[in-house]
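To start, the structure under review is shown below, and the notes come after it.
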2 protein chains.
Amino acid sequence: MENLRELFQVMTRRFGFLNKNCCSTGGYDISLVQSHILYEIDKQHKPSMQQIAETLGTDITTFSRQVQSLIKMNLVKKTPDPDDKRVSILSLTTEGVYIAESIDQQMNEYLNEVFSHMNEFERETVIRSIKLLNESMAKSSKCCNPLE
Amino acid sequence: MENLRELFQVMTRRFGFLNKNCCSTGGYDISLVQSHILYEIDKQHKPSMQQIAETLGTDITTFSRQVQSLIKMNLVKKTPDPDDKRVSILSLTTEGVYIAESIDQQMNEYLNEVFSHMNEFERETVIRSIKLLNESMAKSSKCCNPLE
DNA sequence: ATCTAATACTTGCAAATTACAAGTAAAAAA
DNA sequence: TTTTTTACTTGTAATTTGCAAGTATTAGAT
């Protein structure tokens, strides 16, 4: 059995580089963390602060401030939950949606370029593998969860 | 064609969590960045500061300071290059090697646990896929390199 | 051989990011 | 109704980051 860690160390580092570049699309200068926040707000249905913070494994106080700056940039909106006045529902503004989509597009472009170095069979195998990996990490009790 | 980005977003986030936990082995409290530095110093042959900083895509000034703190922790050693007095050669101390190995072991343990949710065939497929992915990213001109 | 330019690194800032502690306000439980 | 819990915000302080500017050494140009 070879050294698994080696493989994953290289992979995650490379993806780190990819993510770094991705985010300054559309004139805005978005940090990596912020791009993850935009992504999750877009993905989840009427999410609260807590929900997103937990998904991303970010401390809620840090998250609170990150959201504040996204609001200042006019990318995110906070709406009080009518059923529970403690809760703030997060959503993207029109600009937020635009930025989120720009980043998404940019990322997919990069990824497609990476996959262009493979043939159709390899491509499908790799995609299936990533899915499998995600499922296995989700099952794992020891790691990969934002627990603490 | 499905949304590639979705897949990778989830994967990298999960690996982020994994990496976060990994590093506080052996009594020392090592940050993620520092663990990457230890890893690369161990891997490369008599590397200079520049070399490691470039591999990791870190700004050299930031890197300089990170190395300073690793030296203070007695995990890393700097030796002046006899052929070029500007250059510092980095190496791990005995403790550094120990810590690097602890982290490596810990990571492999986590990864093995993740892979334990797959059968032998799946496992091999996934590993082969990651390799392929790494190669493709290396080939890519557009992304995944520490360029700026 | 000497002067200039490039390289390898270090320090001075200042900005951004982080998390713990302590706070407010609202809802749920006792 | 009182107490506890939950959702979130702010104070503060530590850490991390990178640009600008510095030193020292080597390589290149004349």
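Report every pair of residues separated by at least 6 positions or lying on different chains whose Cβ atoms are under 8 Å apart, first residue within segment A:90-105 and among the hydrophobic types (A, V, I, L, M, F, W, C), second in a helix (DSSP H, G or I) and modelled with pLDDT under 90.
Once the first residue is among the hydrophobic types (A, V, I, L, M, F, W, C) and sits in segment A:90-105, its partners that are in a helix (DSSP H, G or I) and modelled with pLDDT under 90 give A:ILE103/A:CYS22.
Tally time: how many residues in segment B:98-118 are more than 10 Å from chain A (Cβ to nearest Cβ) and over 15 Å from B:ASN21 (Cβ atoms)?
Of the residues in segment B:98-118, 4 are more than 10 Å from chain A (Cβ to nearest Cβ) and over 15 Å from B:ASN21 (Cβ atoms).
Which of the residues that make up segment B:36-66 are within 11 Å of DNA strand D (Cβ to nearest atom) and assigned to a helix (DSSP H, G or I)?
Answer for segment B:36-66, where residues must be within 11 Å of DNA strand D (Cβ to nearest atom) and assigned to a helix (DSSP H, G or I): B:HIS36, B:ILE37, B:ALA53, B:LEU56, B:ILE60, B:THR61, B:THR62, B:PHE63, B:SER64, B:ARG65, B:GLN66.
How many residues does segment A:68-89 contain that are within 6 Å of DNA strand D (Cβ to nearest atom) and either within 30 Å of B:LEU18 (Cα to Cα) or in contact (Cβ under 8 Å) with a residue 12 or more places away in the chain (or both)?
Taking segment A:68-89 as the starting set, the residues that turn out to be within 6 Å of DNA strand D (Cβ to nearest atom) are A:86-88.
Narrowing further to those that are either within 30 Å of B:LEU18 (Cα to Cα) or in contact (Cβ under 8 Å) with a residue 12 or more places away in the chain (or both): A:87-88.
Total meeting the criteria: 2.
Do we find that A:LEU90 is more than 7 Å from every other protein chain (Cβ to nearest Cβ), closer than 20 Å to A:LEU32 by Cβ and outside any strand (DSSP E or B) in this structure?
On the way: more than 7 Å from every other protein chain (Cβ to nearest Cβ): yes; closer than 20 Å to A:LEU32 by Cβ: yes; outside any strand (DSSP E or B): no.
When the stated conditions are applied, A:LEU90 does not pass them.
The values are calculated or read from the model by the stated rules, or taken from the named source; none is laboratory data. Everything quoted here is computed from the prediction, not taken from an experiment. Note that we place each Cβ from the backbone using ideal geometry, even for glycine, and neighbour counts take in every protein chain shown.
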